[in-house]
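> Take this structure first; my questions come after.
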Amino acid sequence: MKMIKPIIDINNLTIEYPVYGIRNLSLKTKIFQDVIGGSLFKNTNNLITIKAIENISLKLYPGDRVALIGHNGSGKSSLLKAIAGIYSPTNGSINVNGSITSMLDITIGLNNDSTGLENIIISGLLMGLSKEKIKGLKDEIIDFSGLNDFIHLPLRTYSSGMAMRLAFSIASTISSDIILIDEWISVGDSEFSLKVKNRLNEMIMKSKVMVIASHDLELCQKICNKFIHLENGRITSIDE
């Protein structure tokens, strides 16, 4: 039995969220379960609700490199977002002991009317960094992104690939205890994609715990040592 304190400690976690605009539960249940996953039901307020995560308990320790395995709607992304603090538990608890770098929807929070440089500053402040720390990291972020003079232009002038470059460069600059990844990130041309791969590998090596949700089993077998299988918001098996 491990006596080391877990980095992530999840106890009887359940996450539910409402679905609006559905009047007939019996006609919609199968469609929603096939497309979204989880359990569809009416709560005590007669509101149709999806149970995205149901009664999950899990402890992750230093050195765990975890792959979440399951079909679309099995609960992989919901579990990642719960660990990241994006989703709050309906029941149960999540205790996270350490800093988190979340590679989930990495462009969210970027402002289209702000320049790339302004977005670096804003994102850094939102991440809890001091102005001095942001100033020290600014050149590294710009250099890694390869955006050069585009860094002084508004984000709305960027292509989607350029915006992803900026977002990844910002998100990946700070080392954290926990790395959360929703599918392996591939950004831009082959040269930049190689930089992304190397940066992600460095982050994983430095982290205490890494959790990735991916359909790429070959990739997961290369970088993970624990495989958690999910179905309809429940853990069906754990392989180590």
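> Quick one: which of Thr49, Thr44 is in contact with a Phe, Trp or Tyr (Cβ under 8 Å, 6 or more places away or on another chain) and modelled with pLDDT of 55 or more?
On the way: Thr44 fails: in contact with a Phe, Trp or Tyr (Cβ under 8 Å, 6 or more places away or on another chain).
Matching residue, one of Thr49, Thr44: Thr49.
> Out of the stretch 159-190, which residues are in a loop (DSSP other than H, G, I, E, B), crowded, with 16+ Cβ neighbours inside 10 Å and over 17 Å from the mean Cα position of the chain (by Cα)?
Result: Gly188, single match.
> Give me the residue from the stretch 92-114 that is outside any loop (DSSP other than H, G, I, E, B) and among the small types (Gly, Ala, Ser) and, out of that set, surrounded by the fewest Cβ atoms within 10 Å (Cβ to Cβ). Reasoning before the result, please.
Step one: filter the stretch 92-114 for residues outside any loop (DSSP other than H, G, I, E, B), giving 92-96, 100-103.
Still in the list and also among the small types (Gly, Ala, Ser): 92-93, 102.
Values: Gly92: 17, Ser93: 11, Ser102: 20.
Across the stretch 92-114, the extreme among qualifying residues is Ser93.
> Now for a separate question. Looking at the stretch 20-29, is at least one residue in a strand (DSSP E or B), modelled with pLDDT of 60 or more, surrounded by fewer than 15 Cβ atoms within 10 Å (Cβ to Cβ) and hydroxyl-bearing (Ser, Thr, Tyr)? Steps first, please.
Start the filter on the stretch 20-29 by keeping residues that are in a strand (DSSP E or B), which leaves none.
No, the conditions are met nowhere in the stretch 20-29.
> How many residues are over 14 Å from His229 (Cβ atoms) and either modelled with pLDDT under 95 or in contact with a helix residue (DSSP H, G or I) (Cβ under 9 Å, 6 or more places away or on another chain) (or both) when one looks only at the stretch 61-71?
If we filter the stretch 61-71 for residues that are over 14 Å from His229 (Cβ atoms), which is where we start, we get 61-65.
When the remaining residues are screened for being either modelled with pLDDT under 95 or in contact with a helix residue (DSSP H, G or I) (Cβ under 9 Å, 6 or more places away or on another chain) (or both), the result is 65.
Total satisfying the criteria: 1.
> So the check is Cβ under 7 Å with 6+ separation or different chains; which pairs have a first residue in the stretch 163-187 that's within 21 Å of Val209 (Cα to Cα) and a second one that's acidic (Asp, Glu)?
Between residues of the stretch 163-187 that are within 21 Å of Val209 (Cα to Cα) and residues that are acidic (Asp, Glu), the close pairs are Thr173/Glu140; Trp184/Asp216.
> I'd like the full set of residues that are surrounded by fewer than 19 Cβ atoms within 10 Å (Cβ to Cβ) and on the phi > 0 side of the Ramachandran plot, limited to the stretch 63-91.
Selection gives Gly63, Gly85.
> If you take the residues in the stretch 69-91 that are outside any helix (DSSP H, G or I) and hydroxyl-bearing (Ser, Thr, Tyr), which one is farthest from Thr173 (Cα to Cα)? Please lay out each step first, then the result.
Quick first cut of the stretch 69-91, residues outside any helix (DSSP H, G or I) only: 69-75, 85-91.
Subsequent filtering for residues that are hydroxyl-bearing (Ser, Thr, Tyr) retains 74, 87-88, 90.
Values: Ser74: 31, Tyr87: 24, Ser88: 27, Thr90: 33 Å.
Across the stretch 69-91, the extreme among qualifying residues is Thr90.
> Just to be sure, is Ser123 in contact (Cβ under 8 Å) with a residue 12 or more places away in the chain and either surrounded by fewer than 16 Cβ atoms within 10 Å (Cβ to Cβ) or in a strand (DSSP E or B) (or both)? Give the derivation first.
Working: in contact (Cβ under 8 Å) with a residue 12 or more places away in the chain: yes; either surrounded by fewer than 16 Cβ atoms within 10 Å (Cβ to Cβ) or in a strand (DSSP E or B) (or both): no.
Against the criterion (in contact (Cβ under 8 Å) with a residue 12 or more places away in the chain and either surrounded by fewer than 16 Cβ atoms within 10 Å (Cβ to Cβ) or in a strand (DSSP E or B) (or both)), Ser123 does not qualify.
> Does Asp216 fit the bill of being in contact with a Phe, Trp or Tyr (Cβ under 8 Å, 6 or more places away or on another chain) and without any contact (Cβ under 8 Å) to a residue 60 or more places away in the chain? Show your work before the answer.
On the way: in contact with a Phe, Trp or Tyr (Cβ under 8 Å, 6 or more places away or on another chain): yes; without any contact (Cβ under 8 Å) to a residue 60 or more places away in the chain: yes.
For Asp216, the condition - in contact with a Phe, Trp or Tyr (Cβ under 8 Å, 6 or more places away or on another chain) and without any contact (Cβ under 8 Å) to a residue 60 or more places away in the chain - is met.
> Quick one: Asp105 ticks every box in (1) over 26 Å from Ser186 (Cβ atoms); (2) among the charged types (D, E, K, R); (3) not assigned by TED's automatic domain parsing to the domain that holds Ile181 bar one, so which box is it?
Failing condition for Asp105: (1).
> Can you tell me which residue is farthest from the chain's Cα centre (by Cα) among those in the stretch 149-158 that are assigned to a helix (DSSP H, G or I) and of a type outside the set (A, V, I, L, M, F, W, C)? Outline the logic, then answer.
Going residue by residue through the stretch 149-158, those that are assigned to a helix (DSSP H, G or I) are 149-152, 155-157.
This time we only want the ones that are of a type outside the set (A, V, I, L, M, F, W, C), so: 149, 152, 156-157.
Working: Asp149: 30, His152: 28, Arg156: 24, Thr157: 26 Å.
Per the criteria, the residue is Asp149.
> Would you be able to tell me the number of residues in the stretch 191-221 that are crowded, with 18+ Cβ neighbours inside 10 Å and of a type in the set (D, E, K, R)? Before the answer, list the steps.
Here is the first cut: in the stretch 191-221, the ones crowded, with 18+ Cβ neighbours inside 10 Å are 192, 195-196, 200, 203, 207-214, 220.
Narrowing the set further to residues that are of a type in the set (D, E, K, R) leaves 195, 208.
Residues in the stretch 191-221 being crowded, with 18+ Cβ neighbours inside 10 Å and of a type in the set (D, E, K, R): 2 in total.
> Among the numbered criteria (1) under 19 Å from the mean Cα position of the chain (by Cα); (2) under 20 Å from Ile53 (Cβ atoms); (3) β-branched (Val, Ile, Thr), which single criterion is violated by Thr236?
(1) is the only condition that Thr236 fails.
> Can you pull out the residues in the stretch 194-232 that are touching a helix residue (DSSP H, G or I) at 6+ places or on another chain (Cβ under 7 Å) and assigned to a loop (DSSP other than H, G, I, E, B)?
Scanning the stretch 194-232 gives a single hit, Ser214.
The values are calculated or read from the model by the stated rules, or taken from the named source; none is laboratory data. Remember, it's a predicted structure, so these values are computed and weren't measured experimentally. Note that we place each Cβ from the backbone using ideal geometry, even for glycine, and neighbour counts take in every protein chain shown.
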